[in-house]
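Colleague: Here you go, one structure.
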Amino acid sequence: MDNSAFHTELAELLFPHIDKTPEYYEEMYPARELPEGARVTRFAPSPTGYLHIGGLFGALVDVLTAKVSGGISYLRIEDTDKKREIDDGVSAITNGMKAFGVEFDEGITGFGTEKGNYGPYTQSRRAEIYQTVAKSLVEKGLAYPCFCTADELSALREKQEADGAAITGYFGKYAKCRDLTLDEIKANLAAGKPWVLRFRSDGSEDRRIMFDDMIRGKIEMPENIIDEVLLKSDGIPTYHFAHCCDDHYMRTTHVIRGEEWISSVPKHIALFKACGFKVPKYAHTPQVLKFDDETGDKRKLSKRKDPEAAVSYFTVEGFPKESLIEYLLTIISSGFEDWRRANPGVPAMDYPFNLKKMSSSGCLFDLVKLNDVSKNVISIMNAETVYERVSEWAKEFDGEFYKILTADPERSKAILNIDRENPKPRKDIAKWGEVRDYISYFFNEYYVSDYTLPENIAPADAKAILTKYAEIFSLDDDKDTWFNKIKDMCAPLGFTPNVKEFKQNPEAFKGHVGDVSSVIRIALTSRRNTPDLWSIMRLLGEDEIKRRLSDACERI
Ligand code: GLU
């Protein structure tokens, strides 16, 4: 029997139920009709029910890379590792993407739903495709069944280690099942022995391969020599084989994935070639790192230690999607900040992203910087938007605040509008979860008085200020009149309206106009620092102002 007959018979023996050929899938998933240079990218997470910030970061790189080139990005679910899976592990991923506005053109859209012509986009639904390609590899003599047990494999590894082998694994002379005869295989199958399908590598220890990583440049590595497992004993593919089949039939041009996969590239190139598929371009993204609070060293963001490792954290805290995306882009791409300065107000997703401008060392994720970016982002939103976004957040995460905030929408919008919509807006809200405390003094349901005075102001003077102020304030005053009244109060009470004068001769006065305003501010809001007090007073209303002034007078 010549070899090809042997391989054909073996293929039939192993995959009797497979009647399709790779050509069938070539036709079913034709080359995409896209403009020259268009890139097809994919985000391919495992459905663990958790979206890591590094996942959002990777997805953003996928989507932008496709978008700037006029290409396609899609979401594929890699659920071949059943151990890591949970019931609906998909929604956390799709919800996280939706919450932050990262949209794929095609692929999985939710638990059990998808769109696009290159599906199914869930690996567990693609078994027939993998087995068809596997069968064709057996027919070409490029794959074979291996019956070695787990014990045999660990014995092999121990022996290799004892021999001081430079490479351990199933290859060359150690690959016991490589040359089994058809009769031996038949006997094993008849005896019900479990088997995996292995790749028959023709790699050599002396050869090296070179590939061009889109982020890291040229990388040279030893060629793959391992007879890698393609299908596990349950017929499910390994990551390596599924990657090769899926990225080929889904017509991915650029495989963008985490740097932990770099070492597997020689294996993947060998597999693509064996299958007769074009090798895609690779880009390996750096990890998301942070400075450890205790050691001060950079380390990976950890699911266990860092709440901010989960994308859901940012939803719960109420970071606007624009802020997180804006911040991720500043750490992902070295050109982003310059672009932002030149293009204020343009949506971040319009950034002309370039893989080559990504740093290959880790991206440092810093919550403090995210807060700063977010304050900027929120400061330029109008009050209407802020109101809508805060209410949306509160509806889900703080029902009580939602009721209070939405009871009088116009008043709430006016509150949120203080010191906003002007050339120098205040930058003091970083996330929706902070808004309740930020504006709580406007709502009696939350207001807790605290009339602690600055040390330089005597209680008796404060009382005198408040008594006088209660007599003279009027909500009809425009801002200048309002402030002039406060200035006019100063001299009779032993303060000066002139800060400069006070600085030149501090002994001569009890304080200056700033101290007088401070006392009024504290009495009305129980805070030392607030946005514009004139605006605050107009929203508190006359009765509430009088009530708070007299309450403060009594209790100071
Ligand atoms: N499913 C793989 C993972 O979860 C994805 C790797 C890839 O993007 O190819 O890491």
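Colleague: Looking at (1) open to solvent by less than 30 Å² (accessible area, probe 1.4 Å); (2) within 16 Å of the ligand (Cβ to nearest atom), which one does Arg125 not meet, given that it meets all the others?
Modeller: (1)
Colleague: Checking the structure you have, find out if any residue of the stretch 438-460 is surrounded by 14 or more Cβ atoms within 10 Å (Cβ to Cβ), touching a helix residue (DSSP H, G or I) at 6+ places or on another chain (Cβ under 6 Å) and of a type in the set (D, E, K, R).
Modeller: No, the conditions are met nowhere in the stretch 438-460.
Colleague: Right, Glu220: within 30 Å of Ser333 (Cα to Cα) and within 37 Å of the chain's Cα centre (by Cα) or not? I'd like the intermediate steps shown before the answer.
Modeller: Details: within 30 Å of Ser333 (Cα to Cα): yes; within 37 Å of the chain's Cα centre (by Cα): yes.
Taking the combined requirement at face value, the residue satisfies it.
Colleague: Considering every residue within the stretch 294-316, establish whether at least one is open to solvent by 50 Å² or more (accessible area, probe 1.4 Å), free of Cβ contacts under 8 Å to residues at least 60 places away in the same chain and closer than 22 Å to Thr65 by Cα.
Modeller: Checked the stretch 294-316: no residue is open to solvent by 50 Å² or more (accessible area, probe 1.4 Å), free of Cβ contacts under 8 Å to residues at least 60 places away in the same chain and closer than 22 Å to Thr65 by Cα.
Colleague: Give all pairs with beta carbons closer than 6 Å in which a residue from the stretch 39-62 that is without any contact (Cβ under 8 Å) to a residue 40 or more places away in the chain and near the ligand (Cβ under 10 Å from one of its atoms) meets a residue that is open to solvent by less than 10 Å² (accessible area, probe 1.4 Å) and not aromatic (Phe, Trp, Tyr); count only pairs at least 6 apart in sequence or on separate chains.
Modeller: From residues that are without any contact (Cβ under 8 Å) to a residue 40 or more places away in the chain and near the ligand (Cβ under 10 Å from one of its atoms), there are no pairs.
Colleague: Return only the number of the condition from (1) within 12 Å of the ligand (Cβ to nearest atom); (2) in contact with a strand residue (DSSP E or B) (Cβ under 9 Å, 6 or more places away or on another chain) that Ala310 does not satisfy.
Modeller: Of everything listed in (1) within 12 Å of the ligand (Cβ to nearest atom); (2) in contact with a strand residue (DSSP E or B) (Cβ under 9 Å, 6 or more places away or on another chain), Ala310 misses just condition (1).
Colleague: Go through the stretch 235-275 and count every residue that is within 12 Å of the ligand (Cβ to nearest atom), under 23 Å from Glu106 (Cα atoms) and open to solvent by 30 Å² or more (accessible area, probe 1.4 Å).
Modeller: 1
Colleague: Conditions first: (1) within 30 Å of Leu405 (Cα to Cα); (2) open to solvent by 30 Å² or more (accessible area, probe 1.4 Å). Lys487 passes all but one, so which condition is the exception?
Modeller: Against the list (1) within 30 Å of Leu405 (Cα to Cα); (2) open to solvent by 30 Å² or more (accessible area, probe 1.4 Å), Lys487 comes up short only on (1).
Colleague: Among the residues of the stretch 276-293, count how many are more than 20 Å from the chain's Cα centre (by Cα) and closer than 30 Å to Pro22 by Cα.
Modeller: Here is the first cut: in the stretch 276-293, the residues more than 20 Å from the chain's Cα centre (by Cα) are 276-282, 293.
After this cut, where a residue has to be closer than 30 Å to Pro22 by Cα as well, the list is 276-282.
Counting residues in the stretch 276-293 that are more than 20 Å from the chain's Cα centre (by Cα) and closer than 30 Å to Pro22 by Cα gives 7.
Colleague: Can you find a residue that is at pLDDT 95 or above, more than 13 Å from the ligand (Cβ to nearest atom) and crowded, with 23+ Cβ neighbours inside 10 Å anywhere in the stretch 72-84?
Modeller: Checked against the condition, which is being at pLDDT 95 or above, more than 13 Å from the ligand (Cβ to nearest atom) and crowded, with 23+ Cβ neighbours inside 10 Å, the stretch 72-84 yields at least one hit.
Colleague: Still on this structure, I have one more. Go through the stretch 540-555 and count every residue that is open to solvent by 40 Å² or more (accessible area, probe 1.4 Å) and of a type outside the set (Asp, Glu).
Modeller: 4
Colleague: Testing Leu289 on (1) within 19 Å of Gly58 (Cβ to Cβ); (2) open to solvent by 50 Å² or more (accessible area, probe 1.4 Å), one condition comes back false. Which one is that?
Modeller: (2)
Colleague: Which of (1) surrounded by 18 or more Cβ atoms within 10 Å (Cβ to Cβ); (2) in contact with a helix residue (DSSP H, G or I) (Cβ under 6 Å, 6 or more places away or on another chain) is the odd one out, the single condition Thr406 does not satisfy?
Modeller: Exception for Thr406: condition (1).
Colleague: Which residue pairs have Cβ atoms closer than 7 Å, lie 6 or more positions apart in sequence or on different chains, and pair a first residue in the stretch 332-348 that is open to solvent by 50 Å² or more (accessible area, probe 1.4 Å) with a second residue that is charged (D, E, K, R)?
Modeller: So the pair list comes out as Ser334/Lys357.
Colleague: For the stretch 46-61, state whether one or more residues are over 23 Å from Thr132 (Cα atoms), of a type in the set (A, V, I, L, M, F, W, C), at pLDDT below 95 and open to solvent by 30 Å² or more (accessible area, probe 1.4 Å).
Modeller: no
Colleague: Which numbered condition trips up Thr94, out of (1) within 23 Å of Met349 (Cβ to Cβ); (2) of a type in the set (Val, Ile, Thr); (3) open to solvent by 30 Å² or more (accessible area, probe 1.4 Å)?
Modeller: (3)
Colleague: For the stretch 423-494, give me every one of the helices (runs of 4 or more DSSP H) that falls completely inside it and has 3 or more residues that are within 30 Å of Val377 (Cβ to Cβ). Steps first, answer last, please.
Modeller: Values: elements: 435-439, 459-472, 479-490.
Result: 435-439.
Colleague: Consider only pairs whose beta carbons are under 9 Å apart and that are at least six residues apart or on different chains; among these, list those whose first residue lies in the stretch 171-185 and is on the phi < 0 side of the Ramachandran plot and surrounded by 12 or more Cβ atoms within 10 Å (Cβ to Cβ) and whose second residue is outside any loop (DSSP other than H, G, I, E, B) and of a type in the set (Phe, Trp, Tyr).
Modeller: These pairs meet every condition: Ala175/Tyr144; Cys177/Tyr144; Arg178/Tyr144; Leu180/Tyr144; Leu182/Phe6; Ile185/Tyr144.
Colleague: Restricting attention to the stretch 207-214, does a residue exist that is in contact with a Leu (Cβ under 7 Å, 6 or more places away or on another chain), among the aliphatic types (A, V, I, L, M) and surrounded by 17 or more Cβ atoms within 10 Å (Cβ to Cβ)?
Modeller: Just the residues of the stretch 207-214 that are in contact with a Leu (Cβ under 7 Å, 6 or more places away or on another chain), to begin with: 214.
Next, from what is left, pick out any that are among the aliphatic types (A, V, I, L, M): 214.
Subsequent filtering for residues that are surrounded by 17 or more Cβ atoms within 10 Å (Cβ to Cβ) retains 214.
Within the stretch 207-214, one or more residues are in contact with a Leu (Cβ under 7 Å, 6 or more places away or on another chain), among the aliphatic types (A, V, I, L, M) and surrounded by 17 or more Cβ atoms within 10 Å (Cβ to Cβ).
Colleague: Output the residues belonging to the stretch 112-158 that are in contact with a Pro (Cβ under 9 Å, 6 or more places away or on another chain), of a type in the set (S, T, N, Q) and in a strand (DSSP E or B).
Modeller: Hit for the stretch 112-158 is Thr122, nothing else.
Colleague: Return the total of residues in the stretch 285-309 being farther than 23 Å from Ser333 by Cβ and in contact with a His (Cβ under 7 Å, 6 or more places away or on another chain).
Modeller: 1
Colleague: Are there any pairs, at least 6 apart or on different chains, whose C-beta atoms fall under 7 Å, with the first in the stretch 121-139 and more than 15 Å from Val196 (Cα to Cα) and the second open to solvent by 10 Å² or more (accessible area, probe 1.4 Å) and in a strand (DSSP E or B), and if so, which?
Modeller: Listed by first residue and then by second, the contacts come to Tyr121/Ile108; Tyr121/Glu114; Thr122/Ile108.
Colleague: Within the stretch 260-283, how many residues are touching a strand residue (DSSP E or B) at 6+ places or on another chain (Cβ under 7 Å) and either at pLDDT below 95 or within 22 Å of Leu34 (Cα to Cα) (or both)?
Modeller: Of the residues in the stretch 260-283, 4 are touching a strand residue (DSSP E or B) at 6+ places or on another chain (Cβ under 7 Å) and either at pLDDT below 95 or within 22 Å of Leu34 (Cα to Cα) (or both).
One line per residue, one yes/no per condition, for (1) farther than 29 Å from Tyr25 by Cβ; (2) open to solvent by 50 Å² or more (accessible area, probe 1.4 Å); (3) within 42 Å of the chain's Cα centre (by Cα):
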{"residue": "Val133", "(1), (2), (3)": "no, no, yes"}
{"residue": "Leu137", "(1), (2), (3)": "no, no, yes"}
{"residue": "Thr149", "(1), (2), (3)": "yes, yes, yes"}
{"residue": "Glu161", "(1), (2), (3)": "yes, yes, yes"}
{"residue": "Ala166", "(1), (2), (3)": "yes, yes, yes"}
{"residue": "Gly169", "(1), (2), (3)": "yes, no, yes"}
{"residue": "Ala187", "(1), (2), (3)": "yes, yes, no"}
{"residue": "Gly192", "(1), (2), (3)": "yes, yes, no"}
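Colleague: Being closer than 22 Å to Glu421 by Cα, open to solvent by less than 20 Å² (accessible area, probe 1.4 Å) and assigned to a helix (DSSP H, G or I) is the filter here, so list the residues in the stretch 511-539 that pass it. Step through it out loud before you land on a result.
Modeller: Looking only at the stretch 511-539, we keep the residues that are closer than 22 Å to Glu421 by Cα, and these are 529-539.
Now drop any that are not open to solvent by less than 20 Å² (accessible area, probe 1.4 Å), which leaves 530-531, 533, 536-537.
Once the filter is applied, which keeps residues that are closer than 22 Å to Glu421 by Cα, open to solvent by less than 20 Å² (accessible area, probe 1.4 Å) and assigned to a helix (DSSP H, G or I), the stretch 511-539 yields Leu533, Ile536, Met537.
The values are calculated or read from the model by the stated rules, or taken from the named source; none is laboratory data. Note that the coordinates shown come from a computational prediction; the quantities given were computed from them, not determined experimentally. Reconstructed Cβ throughout: ideal geometry from the backbone, glycine too, with neighbour counts over all protein chains shown. The area values use the complete protein model at the heavy-atom level, side chains included, leaving out ligands, DNA and RNA. Shrake-Rupley method; radii C 1.70, N 1.55, O 1.52, S 1.80 Å.
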